[in-house]
Amino acid sequence: MTRLHDLSHEQDQSPWLDDLKRSYLRNGTLQQLVDDGIRGVTSNPTIFAKAIAGEDTYDQDFAELAARGPVLDAYWRMVMEDVAAAAGVLRPVHDAAGGHDGFVSLEVAPDLAHDTAGTVRAARWLHATVDRPNLMVKIPATAEGIPAVRTMIGEGRNINVTLIFSLERYTEVMEAYLSGLEDLVAAGGDPSRVASVASFFVSRVDTETDRRLEAVGTPEALALQGKAAVANARLAYQLFGRWLSEDRWQALAARGARPQRPLWASTSTKNKAYPDLLYVDSLIGPHTVNTMPEGTIDAFVDHGTVARTLDRDFSGDQAVLDGLARVGVDFGDAARVLEDEGVAAFAKSFDELIQALTDKANALSGGGAGGRG
């Protein structure tokens, strides 16, 4: 038993791995992490870009696929093969949890972030093609992504709503989930078969607000550095708790619906002056997920603290956000910047990878391979 087992058994928080690459599947790393207590996997375009560009484990498969069709098709085939294999490793966790856990997340293409209809089509395609009960398709929580979330939940699909930074956006995400479940029930569907998480990106909030607080430069402003991310996540958890107590949710729960669990993402510490487990130890509580890169997992297993911390002091958390406003930091604007930057960063990683694969395919074929398809 490790601290990861303690986290899920004692605190009802699921530790997931925020990484996926073929070597993990071939050398047994993912299986070992699952044995050690990991209960899910998340991926994103940046993760796959690093994996495919950084490992030779994809080369033979890519050469064969690129010889038969467009590079973009080859990319999706490789990615979906990895996700399906990871879903196989996590399937025993999923079955033992009665469908509550053991998921693998795969994101729609980044260039669909502002395309509702395109996101819906892509999510349906990924679910149909991977065809695993423990697949979660990731949809970004942009203004255009929110309606797609409702549509997918209404069709009974598992969805990971990603790139959430603000409480305002989180409120919209919760509404989309509730409305989607109500649509599903109205159509005669079974809400007990749907699972969803709402993914807050945590550390990036401190990165952006710290930069703005540094620019203000007053003692009051500097005293708030390193506090906004945890406070924001905890206040989201407070909203989650209120939502669970509402009659509207209780009516769905009576039909077997599962709560849309808050998920803490981007939990590795970016500022080395902060504790390495700041975004793990400070965000432990029931009905939640924390998705961590391997280094953060290792740190938690070594010296993490398994104790409920999410709901210790909501008034103090609100005081942090109030303090940002008082010193002139517009948190709403910071959240909008972070959302835009997150979408742009994933798009950049995706485009750079497709270009690199195109170049590789052209080299293999003497210049005749297709591009994005």
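The values are calculated or read from the model by the stated rules, or taken from the named source; none is laboratory data. Computed from a prediction, not measured in an experiment: that's the story for all the values here. Cβ coordinates were reconstructed from backbone atoms using ideal geometry, including for glycine residues, and neighbour counts include every protein chain displayed.
What the table below lists for this structure:
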| item | result |
| --- | --- |
| Filter result for Arg336 (within 19 Å of Phe165 (Cα to Cα), basic (Lys, Arg) and modelled with pLDDT of 95 or more) | yes |
| Residues satisfying the stated conditions in segment 31-72, i.e. at pLDDT 95 or above and more than 20 Å from the chain's Cα centre (by Cα) | Gln31, Gln32, Asp35, Asp36 |
| Any chance Leu4 is touching a Leu at 6+ places or on another chain (Cβ under 7 Å) and within 19 Å of Ser282 (Cα to Cα) | no |
| Qualifying positions in segment 174-211 - in contact with a Phe, Trp or Tyr (Cβ under 7 Å, 6 or more places away or on another chain), in a helix (DSSP H, G or I) and under 21 Å from Pro293 (Cα atoms) | Ser203, Val205 |
| Residue match in segment 152-162 (condition: in a helix (DSSP H, G or I) and surrounded by fewer than 23 Cβ atoms within 10 Å (Cβ to Cβ)) | yes |
| Elements of type helices (runs of 4 or more DSSP H) contained in segment 216-258, each with 1 or more residues being aromatic (Phe, Trp, Tyr) and either at positive phi or modelled with pLDDT of 95 or more (or both) | 228-245, 247-253 |
| Top-ranked residue of segment 245-261 - restricted to ones that are closer than 19 Å to Thr288 by Cβ and out of contact with any strand residue (DSSP E or B) (no Cβ under 9 Å at 6 or more places or on another chain), ranked as surrounded by the most Cβ atoms within 10 Å (Cβ to Cβ) | Ala257 |
